[in-house]
1. Quick check: net charge around Met63, other residues with Cβ under 13 Å of its Cβ, Lys/Arg +1 and Asp/Glu -1?
2. Taking loop as defined by DSSP and a crowding limit of 15 other beta carbons within 10 Å, which GluC sites (Glu not before Pro) in the stretch 23-100 fit?
3. With no solvent and one equal point scatterer placed on each C-alpha of the stretch 10-56, evaluate the Debye formula and give log10 I(q)/I(0) for q = 0.16, 0.29 Å⁻¹, two decimals.
4. Do any chymotrypsin sites (Phe, Trp or Tyr not before Pro) in the stretch 1-77 lie in a DSSP loop with no more than 16 other beta carbon atoms within 10 Å, and if so, which?
5. Please compute the per residue accessible area over the stretch 1-52 with all protein chains in place, 1.4 Å probe, rounded to a whole number of Å².
6. How much net charge surrounds Asp20 when only other residues with a Cβ under 12 Å from its Cβ are counted (Lys, Arg +1; Asp, Glu -1)?
7. What distance in nm lies between label points placed 7 Å from Cα along the C-beta direction at Lys48 and Tyr23?
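The values are calculated or read from the model by the stated rules, or taken from the named source; none is laboratory data. Please read these numbers as outputs of a predicted model, since none were measured by experiment. Cβ: placed from backbone, ideal geometry, glycine included. Neighbour counts: every protein chain shown. Remember, those area values only see protein heavy atoms, side chains included, never the ligands or the DNA or RNA. Shrake-Rupley method; radii C 1.70, N 1.55, O 1.52, S 1.80 Å.
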Amino acid sequence: TLGLYEGAEELLTLLKEKGDTLYLWTAGPHELQTDKINKNNLERFFKKFFIVEDKKKEELEKMVENSCVDRSKVCVVGDDYTNANEIKLARDLGLFAVQFHVYDREADEKVLYPHNAKEFLAYLKSL
């Protein structure tokens, strides 16, 4: 089971303390994803979890609509550079999206795209 990326807990804490409402959209087998959520105690940060078999544009649209959130305040954060599909889906829907702290599983190393980290931090400061 994967733990949280370095800095993720601090970032989630900052967002929560700032008053942001957080939702988790994740793909994979329901039991495995639920296990990761529970082992990392993520319910303390997120209002709701959306676990899907495969991330699709229609599911993201439905999630945003059902959450009754202001679309201009939505930020989709991708964490797997080998699958940037979630970023493309979000941007296709006109949502802000960044590839942030990612892990290259093939190379077994952490990769950070500084330009995206700056974009993400600038977005947070604008809220």
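1. +2
2. Numbers: sites: Glu31, Glu43, Glu53, Glu58, Glu59, Glu61, Glu65, Glu86; in loops: Glu53.
Filter output for the stretch 23-100: Glu53.
3. Log-scaled intensity ratios, in q order: -0.46, -1.06.
4. Tyr5
5. Result: 63 Å² per residue.
6. +2
7. Spacing of the two 7 Å Cα→Cβ label points: 0.6 nm.
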